[in-house]
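> Okay, handing you the structure first.
Only the coordinates and a few stated rules stand behind these numbers; no lab work does. Computed from a predicted structure; not experimentally measured. Using ideal geometry, Cβ is built from the backbone for each residue, glycine included, and neighbour counts are taken over all protein chains shown.
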Amino acid sequence: MKILYILAGVIFSLSLAAKPLDVKSLSYDATLSDVAYPFPVQHFALDSQGQSLDMAYMYLPSTDNKEVVVLLHGKNFNSAYWQSTASYLHEQGYGVLMPDQIGFGKSSKMVDYQYSFATLAQHTKALIDSLGLNNSIILGHSMGGMLATRFALMFPENVTRLVLVNPIGLENYLIYTQYRDPEFFYQQELKKSAESIQAYQQKNYYAGKWNQDYAMLTYFLIGQAQGGDKDTIARVNALTYDMIFTQPVIEEFKYLQVPTRLILGTRDRTAPGRNWQKEGNTHQLGRYDLLGARVVKQLKDGKLYPLTGLGHLPQIEDFSRFKVVLEQALD
């Protein structure tokens, strides 16, 4: 089986490398039908809010009777960007589960749906149960960190360890920023272009640096923004922005009952709402070099692993450094 996964990863890498350099020609539907993933994609059917939904996921069973690590993606990503992390964990004998949350990646996109971290956590728990998995390590990145936290709060008996990689939500953003409703974000989403998507990530994720590996992670976003389902994508993206602001988790960190590990690239300055802060606000949003030490004090069993000089995606920017602290966090 491992040979098949390796071959799938090679095919995935080759398919990305073969993408046209003219990104303006990219066009993808809402569920990324024409986008290859690094491992075989499976589908989990579920009913929620009176609707039949399809949840796409990749699953690599344990090869050494070890726990399963559930990898939860960020908002501007899908589960495919976990390729290096998943391959490494699988080589160490861990099982790896990589779901595309409802509203993201290859999963259903519903415009008349109430998105919440609690709902997405329930979906993830249902998927885990369907695979017959008991206790898991829950690892979330960026927005996936907020989801992972909510999952651990709701289902502590099913979590052996919580690992958060540069999660957003280490601050309650509405304390410092003005509220913007989904219509505001919908209009912002409609304005996105290939240039603006890549410029945002280059500036905010990689400190102005750029290479083909970084660029390839934007292709699916660009293709959806330029595809025939772009209105649906804009609507769904707007709805999932709202839960970031209206469903904070930071005040509940003190209630976490599971060992929690923070892996933070300290150069990160990600701060939703930075551009519409409240008048007179003097709090510096997104100071990950300071947030980690503050947050870990709220945890009953917490530990911080800072990665100096790395940004919002340490697992992409420098995997060799990331895997060292990942090993420590999982130990």
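> Between residue 22 and residue 84, how high is the FRET efficiency from 1/(1 + (r/R0)^6) when r is the Cβ-Cβ distance and R₀ = 22 Å? Nearest 0.05.
0.25
> Between residue 287 and residue 199, with labels modelled 7 Å along Cα→Cβ, what's the label distance in nm to one decimal, could you check?
The answer from the label model is 2.9 nm.
> Roughly what percent of Cα-Cα pairs across segment 123-170 reach past 14 Å?
I get 46 percent for the Cα pairs in segment 123-170 exceeding 14 Å.
> Let me ask something else. Along the positive direction of the dipole of segment 234-331 (beta-carbon charges: Lys, Arg +1; Asp, Glu -1; about the Cα centre), which of 292, 315, 241 reaches farthest?
292
> Next question, about the same structure. So, with +1 on the Cβ of K and R and -1 on the Cβ of D and E, and no other charges, what is the size of the charge dipole of the chain about its Cα centre, to the nearest 20 debye?
With only Lys, Arg, Asp and Glu charged at Cβ, the dipole is about 800 debye.
> Fully extended, how many nm does the chain gain between residue 187 and residue 298 (0.36 nm per residue separation, minus their Cα-Cα distance)?
36.2 nm
> Calculate for the chain the 222 nm mean residue ellipticity that helices alone would give, adding -39,500 (n - 2.57) per DSSP H run of length 4 or more and normalising by residue count, nearest 500 deg cm²/dmol.
Taken over the chain, the calculation gives -11500 deg cm²/dmol.
> Listed here are the pairs 75/191; 192/323; 24/191; 209/323; 106/303; which of them are more than 25 Å apart at the Cα?
As for pairs spanning more than 25 Å Cα to Cα, those are 192/323; 106/303.
> OK, next. Report, in debye and to the nearest 20, how large the dipole of segment 141-236 comes out about its Cα centre when Lys and Arg carry +1 and Asp and Glu carry -1 on their Cβ.
In total the dipole reaches around 180 debye.
> Compute the distance from the alpha-carbon center of segment 36-82 to that of segment 123-153, in whole Å.
Centre-to-centre distance over Cα atoms comes out at 10 Å.
> Further question on the same structure: Quick one: work out the % antiparallel among DSSP beta bridges in segment 160-307, nearest 5.
10
> Can I ask one more? Classify segment 225-300 as rounded, prolate or oblate, taking a ≥ b ≥ c as the square roots of the eigenvalues of its Cα gyration tensor: rounded when a/c is under 1.5, otherwise prolate if a/b is larger than b/c and oblate if not.
prolate
> Oh, and also: For residue 172, what is the net charge nearby, where nearby means another residue's Cβ is under 11 Å from its Cβ and Lys, Arg count +1, Asp, Glu -1?
Around residue 172, the surrounding residues sum to -3.
> Right, next: Separation of segment 186-231 and segment 259-331 by C-alpha centroid, Å?
So the separation of the two Cα centres works out to 23 Å.
> Another question about this same structure. Assigning unit charges at the beta carbon (Lys, Arg +1; Asp, Glu -1) and nothing else, what dipole magnitude in debye, to the nearest 20, does segment 230-274 show about its Cα centre?
The calculation lands at about 220 debye.
> Suppose we keep just the DSSP beta bridges with both residues in the chain; what percent of those would be antiparallel, to 5?
35
> Gaussian network model of the chain, Cα springs within a sub-10 Å range: biggest mean-square fluctuation belongs to which of 142, 196, 87?
Most flexible of the set in this elastic network: 196.
> Another question about this same structure. Take every DSSP beta bridge whose two residues both sit in segment 31-151, then give the antiparallel share in percent to the nearest 5.
Expressed as a percentage, antiparallel bridges in segment 31-151 total about 60.
> Given a 10 angstrom Cα cut-off, can you work out which residue in 73, 312, 43 is the most mobile in a GNM of the chain?
Maximum fluctuation in the GNM of the chain, among the listed residues, is at 43.
> Another question, then. I'd like to compare 96-103, 168-175, 29-36: which one has the highest average count of other Cβ atoms within 10 Å, and what's the full order after that?
96-103, 168-175, 29-36
> Can you give the extra length, in nm with one decimal, that the chain gains between residue 43 and residue 114 once fully stretched, where that is 0.36 nm per residue apart less the Cα-Cα distance?
Result: 23.4 nm gained on full extension.
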